[in-house]
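The values are calculated or read from the model by the stated rules, or taken from the named source; none is laboratory data. Just so it is clear, the model here is predicted, and its values are computed rather than measured. Please note: Cβ atoms are built from the backbone with ideal geometry, for glycine as well, and neighbour counts cover all protein chains shown.
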Amino acid sequence: MTLPTTTVPLPPATGAWREGDPPGRRRWYAAERPLALEAGGELPGVRLAFETWGRLAADGSNAVLVLHALTGDSHVVGPAGPGHPTPGWWDGLVGPGRPLDTDRWFVVAPNVLGGCQGSTGPASARPGTGGRWGGAFPFLTQRDQVAAEAGLADALGIERWALVVGGSMGGMRALEWAVSYPGRVDALLLLATTAAASAEQIAWANVQLHAVRADPHWQGGDYHDTGHGPHAGLGLARRLAHITYRSEPELALRFGRTAQGTEEPFRGGRYQVESYLDHHAAKLVRRFDAGSYVVLTEAMNAHDVGRGRGGVRAALARVTARTLVAGVDSDRLYPPPQQTELAALIPSADRARVIESPYGHDGFLIETDQVAALVHEILG
């Protein structure tokens, strides 16, 4: 199988943060006990990297939890720099005078368990072995990830969140917070997410997983210290994913059938849209880890708040938080009917809101003014 290659210098094996790298703004929480996993077994040595902004009130009443999507991390706001390969992914929403006003709110953003920007994941050292977890890293679910985040909240002295907010995969975890710990979430903002991964979402993810694993450098997930990771496979997965993150009208308007620069598609050159996908593939392999991509994608596939709880309707009936749900009108990956269902089945939710955007699923990251309005609405 021949896989497309990226055209920029690549990291030795992984874009993961590693011990000895600059910490940037990260802090770390280390669990005192192994984490019991939903699929069985336990995960020892759990650490979560996180960042905070603002100051926690004496009574702990002003804490806000911000949860990132698949390839995000704890760096919600701030410039790129040592320890942070990219600038903040929601830069306009957190800070003094912003919707999540850090003069009022204490904002916490963890890097998800299984991730690669400081939290325990496949690129991390495996306790007691002298090596890395690699392909031996256990299967995780959103519930496992939220259980780890609950430990972080305990360590920070936060009994209840004034607000939990997340989009896409972050929305899955935000919803799990409200279902698993209803007494710890006062308000909930769910963006471009769903109660359970659909067959189509799992199908798109399946092709991405196959792309990573088909790369000969994957080596069963044990590539971290070999000098070369599965960059081609991860890049191919990113290309496919990125198509689902945007909308057909946007791609047509932005690129059409235009060739890239002086390249000639009839002579092996690329169209602009192909160059665009190549660019995003090359960016991701420099800042992310293929093992984490697999672990997190499988956790998203497993997402189902109704599992073991009598179904989705019964699970959502457990939510007591004041809730707003919003979808992006052009989102073909998490289409608006999925948010309509959430809003209809969560007792404390109003009607689903609509983020108007040509940018597809990524609209929840791009349309910050509309997201800001939703934050103001839910926080009052």
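Quick notes on this structure:
- Of the residues making up the range 154-183, those that are out of contact with any helix residue (DSSP H, G or I) (no Cβ under 7 Å at 6 or more places or on another chain) and part of a helix (DSSP H, G or I) are D154, A155, L156, G170, G171, A174, L175, A178, P182, G183.
- Restricting attention to the range 37-46, the residues that are surrounded by 11 or more Cβ atoms within 10 Å (Cβ to Cβ) and without any contact (Cβ under 8 Å) to a residue 12 or more places away in the chain add up to 1.
- Where a residue in the range 332-351 is of a type in the set (F, W, Y) and its partner, wherever it lies, is modelled with pLDDT under 95 and assigned to a helix (DSSP H, G or I), with Cβ under 6 Å and at least six apart: none
- Of all residues in the range 149-183, those satisfying the criterion of being buried (at least 18 other Cβ atoms within 10 Å of the Cβ) and either under 13 Å from A63 (Cα atoms) or not assigned by TED's automatic domain parsing to the domain that holds D369 (or both) are L152, A153, I158, W161, A162, L163, V164, V165.
- Selection count, the range 53-74, where residues are surrounded by fewer than 24 Cβ atoms within 10 Å (Cβ to Cβ) and within 14 Å of V164 (Cα to Cα): 2
- Search result, residues across the range 200-233 that are modelled with pLDDT of 95 or more, farther than 15 Å from V285 by Cα and more than 22 Å from the chain's Cα centre (by Cα): A214, P216, Q219, G220, D222
- Criterion (surrounded by fewer than 19 Cβ atoms within 10 Å (Cβ to Cβ) and modelled with pLDDT of 95 or more) met by exactly one of P4, P87, P12: P87
- Residues of the range 11-54 satisfying the condition of being touching a strand residue (DSSP E or B) at 6+ places or on another chain (Cβ under 8 Å) and of a type in the set (D, E): E19, E42, E51
- Answer residue from the range 234-278, given it is of a type in the set (A, V, I, L, M) and over 26 Å from the mean Cα position of the chain (by Cα) and is farthest from D331 (Cα to Cα) among those: A259
- If the condition is being touching a Pro at 6+ places or on another chain (Cβ under 8 Å), part of a helix (DSSP H, G or I), surrounded by 14 or more Cβ atoms within 10 Å (Cβ to Cβ) and not charged (D, E, K, R), then the range 232-278 contributes A232, G235, L236.
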